[in-house]
Amino acid sequence: MKNHSFFKGALAGALVVLLAGGVVSCSVFKSEENQKMELLNSLIDRYYIGDVDETDLSEGVYKGYIEGLGDPYSVYYDEEETKQMSESLSGEFGGVGALMSQDRETGVITVLQVYDGSPAQEAGMRDGDTLYKVEGEEVTGEDLSDVVSKVKGEKGTQVTLTVLRADTGDEEELTITRDTIEAQTVSHEMKENNVGYIRITEFDTVTYEQYKEALEDLEDQGMERLIVDLRSNPGGNLDTVCDILDLMLPEGLIVYTEDKNGEREEYTSDEENQFDKPLVVMMNGYSASASEIFAGAIQDYGLGQIVGTQSYGKGVVQSVFDLQDGTSVKLTIAEYFTPNGRSIDGEGITPDVEVEYQYDENNPDADNQLEKAMEVVAQQ
C-alpha cells in the first residue's frame with residue numbers, strides 16, 4: 001500500500017502522511033504577479049503603521065495561494081503546523097500523557113483522562129483535575145490548542161503544571177518530566193450478554209495495534225458479538241483503516257481510489273483473517289473519511305449493520321508533499337470508492353438502522369444509540 005491518507009473531516013482538522021521526496025517546483029508568480037507583489041510591498045512600506053513580520057507575510061502568500069483552489073481539504077502548512085500534523089498522524093508525541101477538554105463558556109480546562117503509566121500519572125495528576133497554570137501562568141480562557149502546545153515538549157524536559165483537585169478544590173503544583181506518549185485511540189470493554197464493544201476515536205498509525213489487542217482481549221473473554229463505535233471519528237490514515245479491515249473482511253477489495261487521470265489503485269484484504277460473529281458499526285454525522293471506508297466495506301460485504309445517522313460524506317484523498325524547508329502542502333489527489341463502487345463524497349454512508357441521539361436530562365450517561373446497537377446486534 002502507498003502512503004496516501006484520508007484526512008479528518010472539516011470539523012476536526014487535518015490528519016496527514018508526510019510523503020518522501022515530492023518536492024513541488026512550479027513558478028508561483030509570473031511577471032505580472034511579481035509586479036503586483038512589489039507594489040503591495042511598497043504600499044506597506046510607505047503607509048502601513050503596524051509592525052511588519054516578513055516571515056508572516058510570506059507564509060500568508062503561500063496559504064492564500066493554496067486557499068485559492070477553493071478546496072477545503074487542500075492546505076499549506078508552516079513549520080510548526082507541519083510538525084503538529086506529523087505528530088497527529090503517528091499518534092506519538094512528546095508530552096505528559098493527559099487528555100484535556102475546555103468548557104466553551106467558562107474557558108476552564110479539565111483533565112478528562114490521565115493515561116496509565118504516563119508521566120502525568122506518576123506525578124500525581126488525576127482525572128477531573130482542573131489545569132490552572134502552566135509554568136506559573138494562568139491558562140483558563142486561553143485557546144486549548146495553545147495550552148496543549150505549552151504542555152507538550154521534547155522527551156526528557158520538564159514542565160510545571162498547577163492543578164485544582166476536583167474533590168477538594170485544593171491547588172497543587174506538579175513537576176512532570178515529559179516522555180514519548182502514545183495516543184489512546186482505542187478503548188474497549190465487555191458488555192452484557194458477551195457483547196464486545198470497541199470505540200475508535202481516530203485512525204492513527206498506533207491505532208492498528210491498539211485495535212488488534214482490543215479484539216484479541218475481547219475474544220479471550222468469550223465475546224459472542226461485537227459493536228465498533230465510530231461516532232465522531234473524523235478519519236485518519238488509509239493504510240491503518242485498511243490494515244484493521246484486513247482483520248475483519250474476507251479476501252477481496254477493501255477500497256479503491258481514482259486520480260485525476262482516471263488511474264485506479266486498489267487496496268485489498270487477504271484470506272488470513274475474517275470476523276464471523278454478529279457485528280454492528282455505529283456512526284453519526286461527524287464520522288468521516290476513513291470511518292466511512294470502514295463502515296462502507298462492512299456494509300458492502302454484508303458482514304454487519306450500520307446503526308446511527310448519516311455519516312459526514314468525505315470521499316476524497318489527500319497527500320502531503322514535503323517542501324524541503326520544514327513546510328508542506330496538502331493537496332486533494334483522488335476520490336475513493338467502496339468495494340461495490342459507491343462514491344460517498346458529499347453523500348455519506350446511510351445507516352441500515354437510523355436512530356438519532358437523544359440527550360436524557362434525568363440520565364446524562366444514557367446512550368439511546370448504543371442501546372439500539374445492543375438490540376440490533378443481539379438479533380443477528
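The values are calculated or read from the model by the stated rules, or taken from the named source; none is laboratory data. Since the structure is predicted, the reported quantities are computational estimates derived from the model, not experimental observations. Neighbour counts are summed over all protein chains in view; Cβ atoms, including those assigned to glycine, are modelled from backbone coordinates with ideal geometry.
Summary of values
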item: Which listed residue, of Val329, Val281, is assigned to a strand (DSSP E or B) and under 18 Å from Ile198 (Cβ atoms); result: Val281
item: Criterion violated by Glu189 - all others in (1) assigned by TED's automatic domain parsing to the domain that holds Asp276; (2) of a type outside the set (Gly, Ala, Ser); (3) surrounded by 14 or more Cβ atoms within 10 Å (Cβ to Cβ) satisfied; result: (3)
item: Some residue of the stretch 234-242 being assigned by TED's automatic domain parsing to the domain that holds Val281, among the hydroxyl-bearing types (Ser, Thr, Tyr), modelled with pLDDT under 95 and within 20 Å of Phe294 (Cβ to Cβ); result: no
item: Residues being within 16 Å of Phe337 (Cα to Cα) and surrounded by fewer than 24 Cβ atoms within 10 Å (Cβ to Cβ) - total across the stretch 246-260; result: 7
item: Pairs, first within 19 Å of Glu105 (Cα to Cα) in the stretch 129-156, second small (Gly, Ala, Ser) and crowded, with 17+ Cβ neighbours inside 10 Å, C-beta under 9 Å, six or more apart; result: Asp129/Ala98; Leu131/Ala98; Val148/Gly95
item: The stretch 66-90: number of residues that are out of contact with any helix residue (DSSP H, G or I) (no Cβ under 8 Å at 6 or more places or on another chain) and outside any helix (DSSP H, G or I); result: 6
item: Residues satisfying the stated conditions in the stretch 121-146, i.e. surrounded by 15 or more Cβ atoms within 10 Å (Cβ to Cβ), acidic (Asp, Glu) and either under 23 Å from Ser88 (Cβ atoms) or not assigned by TED's automatic domain parsing to the domain that holds Thr175 (or both); result: Glu142
item: Options Tyr359, Tyr301: the member that is in the same structural domain as Thr268 (by TED's automatic domain parsing) and free of Cβ contacts under 8 Å to residues at least 12 places away in the same chain; result: Tyr359
item: Ala295 being in contact (Cβ under 8 Å) with a residue 40 or more places away in the chain, of a type in the set (A, V, I, L, M, F, W, C), assigned by TED's automatic domain parsing to the domain that holds Glu87 and in contact with a Lys or Arg (Cβ under 9 Å, 6 or more places away or on another chain); result: no
